[in-house]
Amino acid sequence: MREVPSAADEPLEGDIGPASGAASGAGSGPAARPGAPGAGRERTEAAEALRRFDAEREERRRGTDAVAGRIAVVLAALFLAFLTYDSARTAVEAHSRGDDWLYPPGVVGGACALGLIALLTWAWRRRRLGM
């Protein structure tokens with residue numbers, strides 16, 4: 001036979017688990033019983049509060065992700081611009097010395113310039129389309 005829990009078996013403050021509702025005050029009173037009037041309303045309000053909290057958290061996460069994305073695009077554009085400038089400067093110096101200027105620095109500079117153009121075009125289209 002199972003024993004009926006007494007008042008001395010109530011969970012302590014800070015306990016977690018199925019019986020912890022009694023310690024926090026949520027389990028006391030007539031509304032704590034599943035069949036009591038008002039118990040469904042409290043559950044509905046709690047579920048609605050959780051949905052609101054999740055929606056607000058999702059909105060904050062999207063805002064943070066958008067800012068992080070903008071920062072990443074700006075940093076990548078700056079990096080590609082620097083590499084393009086550095087490769088062009090190296091190609092000009094190599095050309096003035098009579099060294100090979102087209103293959104190593106020229107090709108790297110061209111690839112970085114194409115990457116920069118592609119990145120800026122993508123960012124401009126995203127902004128224009130409102131994504």
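Things worth noting here:
- Condition met for Arg125 (at negative phi, part of a helix (DSSP H, G or I) and loosely packed, with under 11 Cβ neighbours inside 10 Å): yes
- Taken over the range 43-97, the criterion of being open to solvent by less than 100 Å² (accessible area, probe 1.4 Å), out of contact with any helix residue (DSSP H, G or I) (no Cβ under 6 Å at 6 or more places or on another chain) and hydroxyl-bearing (Ser, Thr, Tyr) is satisfied by Thr44, Thr64, Ser96.
- Residue match in the range 17-38 (condition: hydroxyl-bearing (Ser, Thr, Tyr), at pLDDT 95 or above and not in a loop (DSSP other than H, G, I, E, B)): no
- Hits in the range 62-116 (condition: among the charged types (D, E, K, R) and farther than 21 Å from Arg126 by Cβ): Asp86, Arg89, Glu93, Arg97, Asp99, Asp100
The values are calculated or read from the model by the stated rules, or taken from the named source; none is laboratory data. Owing to the predicted nature of the structure, the values given are computational and were not obtained by experimental measurement. For neighbour counting, all protein chains shown are included, and Cβ atoms are generated from backbone atoms with ideal geometry for every residue, glycine included. Only protein heavy atoms, including side chains, enter the accessible area calculation; ligands, DNA and RNA are left aside. Shrake-Rupley method; radii C 1.70, N 1.55, O 1.52, S 1.80 Å.
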